[in-house]
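For reference, the structure discussed in these notes is given below.
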């Protein structure tokens, strides 16, 4: 799901470090989901964590 330029991901806790390292994912505390910049990361790159 893309909202406000953010592509939201479903990242299991044990994979959070991989998402941060590989995609520069960030945690959205209010939404309770990881996200990446939709303009910088393609769906193919994030496919592993797409909901």
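The values are calculated or read from the model by the stated rules, or taken from the named source; none is laboratory data. Quantities reported herein were computed from a predicted structural model and do not represent experimental measurements. Cβ coordinates were reconstructed from backbone atoms using ideal geometry, including for glycine residues, and neighbour counts include every protein chain displayed.
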With criteria (1) modelled with pLDDT under 95; (2) touching a helix residue (DSSP H, G or I) at 6+ places or on another chain (Cβ under 8 Å), residue 49 comes up short on (1)
Just to be sure before I move on: is residue 3 loosely packed, with under 13 Cβ neighbours inside 10 Å, out of contact with any helix residue (DSSP H, G or I) (no Cβ under 6 Å at 6 or more places or on another chain) and modelled with pLDDT under 95 in the structure I sent? yes
